[in-house]
Amino acid sequence: MTETKSMSHIHVLVECALMVALGTVLMLVTLFKAPNGGSVTLLSMLPFVLVSFRHGTKWGLLTGFACALMQMLTGWATPLSGTVLAYFGMIMLDYVLAFTLLGTANVFAKPFKNRMLGIGVGTAVVCLIRFCCSFASGFLIWDSLALSGWGAVTFSFTYNIAYMLPETILTTVAAVILYKVAPRLFGSEA
């Protein structure tokens with residue numbers, strides 16, 4: 001590897017580390033906190049989506065995975081059932097998949113000729129994927145939290161959409177506005 005290419009990789013790695021730090025700080029700025037986990041934050045998913053648009057899927061997934069690890073360190077909750085399967089499911093759905101897959105935003109943006117539309121769609125789709133992970137976790141792992149008279153699936157959908165819909169709207173609108181005012185931040189179409 002040439003020295004220039006090595007420095008380029010170091011530059012991207014440092015930028016990704018800074019985005020993990022920024023995303024972690026933004027996760028602490030809570031606009032709404034749901035009683036059993038989940039919250040609307042001050043655009044905490046945006047840094048991870050931005051990495052995907054700037055540097056591609058590989059770097060996006062790596063940064064999203066680092067975010068998942070930080071989330072586990074700062075927001076760990078123990079499943080009520082306490083089984084090994086419940087722990088594994090929670091780790092995979094609530095953390096690893098939910099946050100790592102934010103790094104695929106550029107994949108969903110590529111089919112669009114209009115870059116701004118692609119950024120909006122890519123951002124919304126990865127937020128939807130994160131919702132699906134939380135929704136599945138809600139009825140598979142956290143089903144005992146369902147309100148009396150509610151089915152686990154209905155409760156999980158309602159509970160998770162209550163914070164993920166506003167989070168998705170805020171993140172998507174912010175990504176589009178940021179692209180409109182500073183398209184250079186979104187780099188190449190990697």
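What the table shows:
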{"read-out": "Residues of region 143-156 satisfying the condition of being surrounded by fewer than 18 Cβ atoms within 10 Å (Cβ to Cβ) and of a type in the set (F, W, Y)", "value": "W150"}
{"read-out": "Pairs where the first residue, in region 21-40, is under 12 Å from Y159 (Cβ atoms) and the second is of a type in the set (G, A, S), C-beta under 6 Å, 6+ apart", "value": "G37/A77"}
{"read-out": "Filter pass, L170 being surrounded by fewer than 18 Cβ atoms within 10 Å (Cβ to Cβ) and either touching a residue at least 40 places away in the same chain (Cβ under 8 Å) or outside any helix (DSSP H, G or I) (or both)", "value": "no"}
{"read-out": "Residue list for region 29-38, restricted to those being exposed (fewer than 13 other Cβ atoms within 10 Å of the Cβ) and either among the small types (G, A, S) or not in a strand (DSSP E or B) (or both)", "value": "V29, P35, N36"}
{"read-out": "Test for M116: is it more than 25 Å from H9 (Cα to Cα), modelled with pLDDT of 95 or more and touching a helix residue (DSSP H, G or I) at 6+ places or on another chain (Cβ under 6 Å)", "value": "yes"}
{"read-out": "Qualifying residue in region 12-21 (condition: open to solvent by 60 Å² or more (accessible area, probe 1.4 Å), among the charged types (D, E, K, R), within 25 Å of L170 (Cβ to Cβ) and more than 15 Å from the chain's Cα centre (by Cα))", "value": "no"}
{"read-out": "Selected residue (only one of R130, R184 is open to solvent by less than 60 Å² (accessible area, probe 1.4 Å) and of a type in the set (K, R))", "value": "R130"}
{"read-out": "Criterion (closer than 22 Å to L145 by Cα and of a type outside the set (K, R)) met by exactly one of F88, F99, F112, F108", "value": "F88"}
{"read-out": "Checklist (1) in contact with a helix residue (DSSP H, G or I) (Cβ under 9 Å, 6 or more places away or on another chain); (2) under 25 Å from F88 (Cα atoms) applied to T168, failing item", "value": "(2)"}
{"read-out": "Selection count where residues are out of contact with any Cys (no Cβ under 7 Å at 6 or more places or on another chain) and within 17 Å of F53 (Cα to Cα), scope region 1-30", "value": "12"}
{"read-out": "Residue list for region 76-126, restricted to those being of a type in the set (S, T, N, Q), in contact (Cβ under 8 Å) with a residue 40 or more places away in the chain and more than 23 Å from C16 (Cβ to Cβ)", "value": "S81"}
{"read-out": "Set F53, F48: member being within 25 Å of S156 (Cβ to Cβ) and part of a helix (DSSP H, G or I)", "value": "F48"}
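To keep it simple, each residue is scored yes or no on (1) at pLDDT 95 or above; (2) among the hydrophobic types (A, V, I, L, M, F, W, C); (3) touching a strand residue (DSSP E or B) at 6+ places or on another chain (Cβ under 8 Å); (4) open to solvent by 40 Å² or more (accessible area, probe 1.4 Å).
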| residue | (1), (2), (3), (4) |
| --- | --- |
| M45 | yes, yes, no, no |
| L50 | yes, yes, no, no |
| L62 | yes, yes, no, yes |
| F65 | yes, yes, no, yes |
| L69 | no, yes, no, yes |
| M72 | no, yes, no, no |
| W76 | no, yes, no, yes |
| L80 | no, yes, no, yes |
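The values are calculated or read from the model by the stated rules, or taken from the named source; none is laboratory data. Since this is a predicted model, take the numbers as computed values, not measurements. Using ideal geometry, Cβ is built from the backbone for each residue, glycine included, and neighbour counts are taken over all protein chains shown. For the accessible areas, the whole protein counts, side chains as well, though only heavy atoms, and no ligand, DNA or RNA atoms are used. Shrake-Rupley method; radii C 1.70, N 1.55, O 1.52, S 1.80 Å.
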